[in-house]
């Protein structure tokens, strides 16, 4: 944050992205480079990293050290979990979910990816498309990240060859075709030397696209949220119960998708009761209209029995109200799935008991092959059937991230053990 | 929302501050709905001032569904304590104060010297207060950009019955589906402004025109220069042999324990000037102002494991 031009609060948008790759791909170096060249590194951090680099006998500073975490990690030379990094430019504020690339990769990547607008998959130009490149892209698509950047790194080690870049792009494009990304961009870079990361550099003149940071600053993310189907899970009922506001009943919540106007008809699910929007409020303001992902208070014309876990909808494609559905599940816990244990499902603002009734198959994330299994262990991705105690109001994850996702919690340990993405078969 | 109607109708006008604000409001309401007995930690510092505005946005026209609590080290700046009481009264919300002085009297905290920093011992008083009131969730104003141990912390951060944070054993946190479940004796620390940076905080204070304690703005003060930091002269900090007292314009970036919170030289008398200085500054907030975080590279990590915020 070094330049005065970095202050433009009224125009800065928020972009969350995840960087996927292992230490060998230069992922930490890339993040360090983005932070360093966008002048987001502070003096005290820089001097600490310079000291450590010198201690390790390096001539230049090791950019990867900027993302080094806890003492425990430094001692063992590993990264434990998802770390979040922040930097900003005049155009955008960025949140990076930095996930480590070792054996717990699936779990960490799915966690970091769940809120991301964009994923960067790093490929070492010398090695080309590897199994892990496919794995990273598959996981990004599974979690529904709309935008993918394929950063072909270490271009300096292949003589900045356009030929090699083209070959890698062509090979990966075939694989990416079926994964459903809204946009895919290929960028040749050298994280170590800085080419095409923040500055263009002089070595990749044949590349006509934008440097990585320019691209991150300008990619359109407005349309990533479902703007058609209004979904409002009620979080908390606001009842002041004061003398002057005796009858006030406001439904607080965050609009998961779509937009709403005063006067719009709404249906409360699962009850099916209907009413109209009377007011859209927040603190001292009242609005004519509101849109996802705003947090607001809604009041309605009629006195209906509405509580946390109910969902307000209006028009558009209706969600399903069901006690049974299929999902892609990522098992997150070290404790394997156990059909004898009781699990709780948290979906929007509703918490109910749930059962896994079937495991259709597990996905081998290296080959994308489906294989039959009876058990789920940490990092497994599987297609399953779920049954829940009370009906849920659901959408397919592919259509609506906010109303298509859920977590499973172990009822005894209270740990979050799995994350699910709802699949609805086209009927 | 500080957006006017025109902006609201224009979907593209959803800035990073709007995104952060809406996320924080959602988090606060999840705590209110899912926790039986939450509390919001309010110190009078700028981050907790922002928390209070977010709570107003989340819950008004109701009262907050939780009390406010301050763990008073006894080493706080008087201007901050005065502000704390003023703001709580202005909001009409209940404020609980538990003081470390009491923990010292009862022998729960044993200090080596009377004037040493009390930050490391805040955890004792906090944990005692949590068990006294049976709080199952504490909402706090910590941010991930403050320190590398915080960068790895969840928004809903689980603490065991000893109040300890185990970085290797955190609950996975996906989407905005937070897991607030606890067993008796355990609790959750909730950080609604996890994703905010120091600059975001100042921009929000400016946008919402929030009042903050006067010592955040540039003022004249007696300071001692020690280890390239400015130390505020008070009954706790006096010049040592060879040190001289200087009178200069300074402001505080954080307002913690008087014995270890250092001001920075500044002429910024208003929020706009602070925003410019913050955007230009080259030293992290904690690096510049907290002597206790500099004792070792992992000092925050260790303190958190012991139950510190």
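Just so you know, all these numbers are worked out from the coordinates, no wet-lab data involved. For clarity, every value in this text was computed on a predicted model and none was experimentally measured. Note: ideal-geometry Cβ built from the backbone for every residue, glycine included; neighbour counts use all protein chains shown.
Evaluated over the Cα positions of region B:137-228, the convex hull gives a direction-averaged projected area, one quarter of its surface, of 9.4 nm².
Expressed to the nearest 5 percent, the antiparallel share of DSSP beta bridges inside chain A is 75 percent. The listed peptides B:54-67, B:14-27, ordered by packing as a protection proxy, come out as B:14-27, B:54-67 (highest mean of other Cβ atoms within 10 Å first). Just how far, in whole angstrom, is region A:202-216 from region B:86-156 if you go by their alpha carbon centroids? If you average the Cα positions of each part, the centres end up 49 Å apart. Taking every Cα-Cα distance in region A:101-151 and sorting them into 10 Å bins starting at zero, the pair-distance distribution P(r) comes out as 25, 58, 17, 0 percent.
Residue separation of residue B:160 and residue B:209 scaled by 0.36 nm, minus their Cα-Cα distance, works out to 13.8 nm of gained length. Averaged over the residues of A:409-421, the number of partner chain Cβ atoms lying within 10 Å of the residue Cβ comes to 4. All C-alpha pair distances within the protein assembly as shown, sorted into 20 Å bins from zero, spread as 16, 51, 30, 3, 0 percent across the bins. Bridge orientation summary for the protein assembly as shown: considering DSSP beta bridges with both residues in this region, about 70 percent are antiparallel.
Shielding of peptide A:245-255 by partners, expressed as the average count of other chain Cβ atoms within 10 Å per residue Cβ, is 3. Both numbers refer to the Cα atoms of region A:261-346; Rg and Dmax are 17.8, 50 Å. Each 10 Å bin, from zero up to the one with the longest distance, holds this percent of the alpha carbon pairs of region A:323-373: 18, 51, 27, 4.
Two numbers describe the Cα atoms of region A:320-423: Rg and Dmax, which are 12.8, 37 Å. By the Stokes-Einstein formula, at 1.306 mPa s and 10 °C, chain A with its Kirkwood radius over alpha-carbon pairs has D equal to 67 µm²/s. Take each residue of peptide B:154-167, count the partner chain Cβ atoms within 10 Å of its Cβ, and average: the result is 1. Of all DSSP-defined beta bridges confined to region B:132-220, some 60% are antiparallel rather than parallel. With only Cα atoms counted, region A:162-230 has Rg and Dmax values of 15.0, 49 Å. Estimated from helical segments only, the mean residue ellipticity of chain A at 222 nm is -5000 deg cm²/dmol, where each DSSP H run of four or more residues counts as -39500 (n - 2.57).
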